[in-house]
Amino acid sequence: MTALDAETPIVLAPRRRRRRGRRPIWQSILRHAALLALCVIMLYPLIWLVVSSLKPNADIFRDLSIFPSHLTLENYMKGWTAQEFPFGQFLLNSAVVAVGAIIGNLVSCSLAAYAFARLRFRGRSLFFAIMLGTIMLPFQVVLVPQFVIFKDLGWLNTFLPLIVPKFLATDAFFVFLMVQFIRALPDEIFEAARIDGAGHLRIYAGITLPLMTPALATTAIFTFIWTWADFFGPLIYLRSPNEFTASIALKGFVDAQSSSDYGSMFAMSVVSLVPLFIAFLIGQRYLVRGIATTGIK
């Protein structure tokens, strides 16, 4: 061996790593094709609704294809003014009820959640268990007592029966959601605030609420969706047409004794769905984050 050979470093060729667990491409293609087929099946009713709203009223059930030969906006123009009041009035009523319900749930449920998560009082576990038990309580069980109470208060044919209960933390699901989120926050934050002399109200408003933004956003989105699409509650408590929400107004296009205007009903159904899509698209990021970080297992 020469001196040159002794001084020359030996370079080893890197080993090729074996790619383990890599699926064949045909399995990936089949998986994506199956997901696409399921997506089409789930979206087909919505697509059919939108397409039917653009068909002439006589062709809706005669031609069930989603590729019609003739499209028209007549159903939208007719449906907007078909009833005693413009459909915009019903959308405004739904918005008022939904905004009131959102504010009520955000305020009351966050306060109740902070009390269950951070305050120490006698019977806390029992009250928390009772609160969770109300989730399994059907709405029909308390319908008659609530109706009698609201009737005695003179709240029938107003939005109060649909909004005021939200300020009493009646939605136990959202209370539980926020309790889990608050319990996941570090205790050091609250201990430091107490050392600085902060009381519970300051800790709740200045520390807890800013940190639980994902849970608050999740509550707001779910409350908006459920309240906007609610049919049973407005049907029970609202009587005057000018107080109807959009879900009740859609029923006015269907008449069991005479001809029904399905084209206008489908058109206004599409209009009613637009706020739901906008709310979901805007809050999707907060919705996923809120569900993922609340500790629900």
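The values are calculated or read from the model by the stated rules, or taken from the named source; none is laboratory data. What you see is a predicted model; the values in this text were computed from it and never measured. Please note: Cβ atoms are built from the backbone with ideal geometry, for glycine as well, and neighbour counts cover all protein chains shown.
Just one of (1) modelled with pLDDT of 85 or more; (2) of a type in the set (D, E, K, R); (3) exposed (fewer than 14 other Cβ atoms within 10 Å of the Cβ) fails for ARG62. It is (1).
The condition (being in contact with a helix residue (DSSP H, G or I) (Cβ under 7 Å, 6 or more places away or on another chain) and more than 30 Å from LEU185 (Cβ to Cβ)) is satisfied by just one residue among ALA112, ALA58, ALA82: ALA82. Hey, does the stretch 227-236 have a residue that's buried (at least 18 other Cβ atoms within 10 Å of the Cβ) and within 21 Å of SER52 (Cα to Cα)? No; the residues of the stretch 227-236 include none that is buried (at least 18 other Cβ atoms within 10 Å of the Cβ) and within 21 Å of SER52 (Cα to Cα). For ALA192, the conditions (1) small (Gly, Ala, Ser); (2) farther than 30 Å from PHE61 by Cα; (3) surrounded by 18 or more Cβ atoms within 10 Å (Cβ to Cβ) are fulfilled apart from (3).
Yes/no matrix, rows are residues, columns are (1) outside the structural domain of LEU276 (by TED's automatic domain parsing); (2) surrounded by fewer than 17 Cβ atoms within 10 Å (Cβ to Cβ); (3) out of contact with any Ser or Thr (no Cβ under 9 Å at 6 or more places or on another chain):
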site: ALA169; (1), (2), (3): no, no, no
site: ALA172; (1), (2), (3): no, no, no
site: LEU177; (1), (2), (3): no, no, no
site: PHE181; (1), (2), (3): no, no, no
site: LEU185; (1), (2), (3): no, yes, no
site: ARG202; (1), (2), (3): no, yes, yes
site: LEU211; (1), (2), (3): no, yes, yes
site: PHE222; (1), (2), (3): no, no, yes
